[in-house]
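The values are calculated or read from the model by the stated rules, or taken from the named source; none is laboratory data. Just so we're clear, the structure is a prediction, and the values are computed from it rather than from any experiment. Note that we place each Cβ from the backbone using ideal geometry, even for glycine, and neighbour counts take in every protein chain shown. Just so you know, the surface numbers come from the protein's heavy atoms only, side chains and all, with ligands and any DNA or RNA stripped out. Shrake-Rupley method; radii C 1.70, N 1.55, O 1.52, S 1.80 Å.
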Amino acid sequence: MRIDVVSIFPEYLAALDLSLIGKARRDNLLDLNVHDLRDYTHDRHRKVDDTPYGGGAGMVMKPEPWGEVLNRIATESPATGPLGEKPILIVPAPAGAVFDQAMAYELAEAQHLTFACGRYEGIDERVLEHAAESFDVRPVSIGDYVLNGGEVAVLAMVEAIGRLIPGVIGNPESLVEESHSDGLLEYPVYTKPGSWQGREVPEVLLSGNHAKIARFRRNKQLERTAARRPDLIVELDASTLNRHDRDTLWHNGFALVEGRIVPKDQIAPE
Ligand code: JA5
């Protein structure tokens, strides 16, 4: 996969030299190119921002350097195929569609991804309109909070997408286990020593009884998800739950009503 990132802080992306993603680059599984937007200015001050039309606080990113860098990346894109399909341009923005694991899987299938990191109050809107002539433009949010720019969001997305590229993770069974998680949070994990600071590893995990261990872990997943992410519990497909699952959910505040899982306190009397 080829990835291009455009930023006025290219050093932010240095973390992508490390760990799994750095190894994927060295192994030629990932061709990652970071561009400094200021290299596409033509004035002595390498100016990338200006005051907003209509007034208001802060500065807006000027369109001209963005037009030049995106035209160049689009021209070089390996993804402009014979069927006219466009390469993808991801623009981190709080107003975007929310990035999740399903989107990571979808984007991991692409030949070429470009990320445009905004700063200040954002990028002149005409850049996105112009870019849509050569890219499939996707404004994407990584969650409902404010950042000062797109760089940190790009680090999160490149890690989530990059680890799904075939060959990047040494043992692909770790990916299988995640996708098996069935919409529940992960169970807690433990390692040596068996006793630490007066705290013991749950005895069942030392028992060698694999059926009991599986049930213990499944219960922990259900309990944690019920407590921390009740929104995920009500989205579960009830037909995938066995008698033990339903009993655990009952003891954690949820009931099965006409094939739907609902919080007990939302069941109307009669
Ligand atoms: C801010 C100029 O999903 C959280 C996000 C916050 C934020 C993003 S994504 N991009 C920007 C930005 O500010 O470009």
Looking at (1) open to solvent by 30 Å² or more (accessible area, probe 1.4 Å); (2) in contact with a helix residue (DSSP H, G or I) (Cβ under 7 Å, 6 or more places away or on another chain), which is the only condition Ala131 fails?
(1)
For Asp49, only one of the following conditions fails: (1) over 21 Å from Ile142 (Cβ atoms); (2) away from the ligand (no atom under 15 Å from the Cβ). What is its number?
(2)
Kindly state which helices (runs of 4 or more DSSP H) lie completely within the range 178-270 and contain at least 2 residues that are over 25 Å from Tyr105 (Cα atoms).
210-228, 243-251
Condition first: open to solvent by less than 40 Å² (accessible area, probe 1.4 Å) and over 18 Å from Pro92 (Cα atoms). Now tell me which residues in the range 2-40 satisfy that.
Ile21, Gly22, Ala24, Leu30, Tyr40
Suppose the filter is assigned by the TED database to the domain that holds His35 and under 19 Å from Lys23 (Cβ atoms); does Ala160 pass it?
yes
Return a yes/no flag: does the range 97-112 have any residue that is in contact with a Leu (Cβ under 7 Å, 6 or more places away or on another chain) and within 12 Å of the ligand (Cβ to nearest atom).
no
Filter the range 222-261 down to the residues that are closer than 15 Å to Tyr187 by Cβ and of a type in the set (Asp, Glu), then identify the one that is surrounded by the most Cβ atoms within 10 Å (Cβ to Cβ).
Asp245
Looking at (1) open to solvent by 50 Å² or more (accessible area, probe 1.4 Å); (2) in contact (Cβ under 8 Å) with a residue 12 or more places away in the chain; (3) within 16 Å of the ligand (Cβ to nearest atom), which is the only condition Gly167 fails?
(3)
I need a count of the residues in the range 85-105 that are open to solvent by 80 Å² or more (accessible area, probe 1.4 Å) and under 11 Å from the mean Cα position of the chain (by Cα).
3
Exactly one condition in (1) within 16 Å of the ligand (Cβ to nearest atom); (2) open to solvent by less than 80 Å² (accessible area, probe 1.4 Å); (3) not in a loop (DSSP other than H, G, I, E, B) is not met by Leu147; state its number.
(3)
Test of understanding: among Ala79, Ala74, which residue is more than 16 Å from the ligand (Cβ to nearest atom) and in contact with a Pro (Cβ under 6 Å, 6 or more places away or on another chain)?
Ala79
From Lys86, Lys62, which residue is basic (Lys, Arg) and within 16 Å of the ligand (Cβ to nearest atom)?
Lys62
